[in-house]
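Okay, structure first, notes after.
The values are calculated or read from the model by the stated rules, or taken from the named source; none is laboratory data. What you see is a predicted model, and the numbers here were worked out from it, not measured in a lab. Note: ideal-geometry Cβ built from the backbone for every residue, glycine included; neighbour counts use all protein chains shown. What goes into the accessible areas is simple: the full protein's heavy atoms, side chains included, and nothing from ligands, DNA or RNA. Shrake-Rupley method; radii C 1.70, N 1.55, O 1.52, S 1.80 Å.
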Amino acid sequence: MRIAVLASGSGTNLQALIDTLHLSESEPVHIALVLSDRPSAGALRRAREAGIPREVVSAREYATRDAFDEAIGASLDAHGVQLVVLAGFMMILQPAFVRRFAGRLLNIHPALLPAFAGADGIGDAIRYGVKVTGVTVHFVDEGVDTGPVVAQVPVFVQADDTEETLAERIHAVEHRLYPAVVRAVAQGRVRLEGRRVRLDSGEIRWDVIAT
Ligand code: GRF
């Protein structure tokens, strides 16, 4: 399956997808494009080093957010992309784009949704004082971090955790979970039934995979 990874930041999740899936011939996933809204994104450097086509689409070059999304859509079409994987992409995609890619648009969030949605899932969890947080992979719908949940893995908060130490453990889980979920989607094992996501040929122990 040809996928695109959209990333605004350092791209460690992209790197996990490259190392686990893209570079392995036995895996059913080919990263056909890495797209960023930020020319300085570390994700673009990682794509270059892996020889993956990359593109920058900057929001400020478009009059409206829908025009920005359309430019992204055109780029995905040009690269024959079948599945769009958001990995730290900080722009909110508009309803028209989300509808067009319904069931083919994944995101990873560093908390157990619906808790701590939004841009700072790790900091918000630490400040709230929860004892358990984690990682969620979900299909994207028209809301912010509200789409159908594919997989979740808990991460326990330790008494002496700082945002940095907690982030380190959450990212380690992300780097194992996201490739496993993308693989399952590429294998056609993931079915969307309303808000429920079902896995063909049995459940997957995401917690075992990710820890
Ligand atoms: C991850 O924590 C992901 O959950 C969130 O953005 C972060 C991206 O990190 N959506 P990276 O750029 O993959 O290192």
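Below are the figures for this structure:
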| item | result |
| --- | --- |
| Estimated FRET transfer efficiency when R0 is 41 angstrom, pair Gln94-Lys131 (beta carbons, to 0.05) | 0.65 |
| Share antiparallel - DSSP beta bridges, the chain, percent rounded to 5 | 50 |
| Value of relative contact order over segment 107-211, rounded to a whole percent, pairs C-alpha under 8 Å and six or more apart | 25 |
| Accessible area in square angstrom per residue, segment 107-211, 1.4 angstrom probe | 50 |
| Estimated [θ] at 222 nm from DSSP helical runs (n ≥ 4, -39500 (n - 2.57)) normalised by residues in the chain, nearest 500 | -10000 deg cm²/dmol |
| Whether the chain is rounded, prolate or oblate, judged on the alpha carbon gyration tensor where a/c under 1.5 counts as rounded | rounded |
| Fluctuation leader among Gly147, Gly194, Gly88 - the chain, Gaussian network, Cα springs under 10 angstrom | Gly194 |
| Estimated dipole of the chain in Debye, rounded to 20 [Cβ of Lys and Arg +1, of Asp and Glu -1, Cα centre] | 420 |
| Amide H within-cut-off set for Val81, under 5 Å, with H built and near neighbours excluded | none |
| Principal axis dimensions, largest first and in whole angstrom, of segment 69-143 by Cα | 45, 17, 17 |
| Rounded percent of accessible protein surface that carbon and sulfur make up, segment 1-71, 1.4 Å probe | 44 |
| Rounded FRET efficiency, nearest 0.05, which uses the C-beta distance separating Arg48 from Arg205 and R0 of 35 Å | 0.50 |
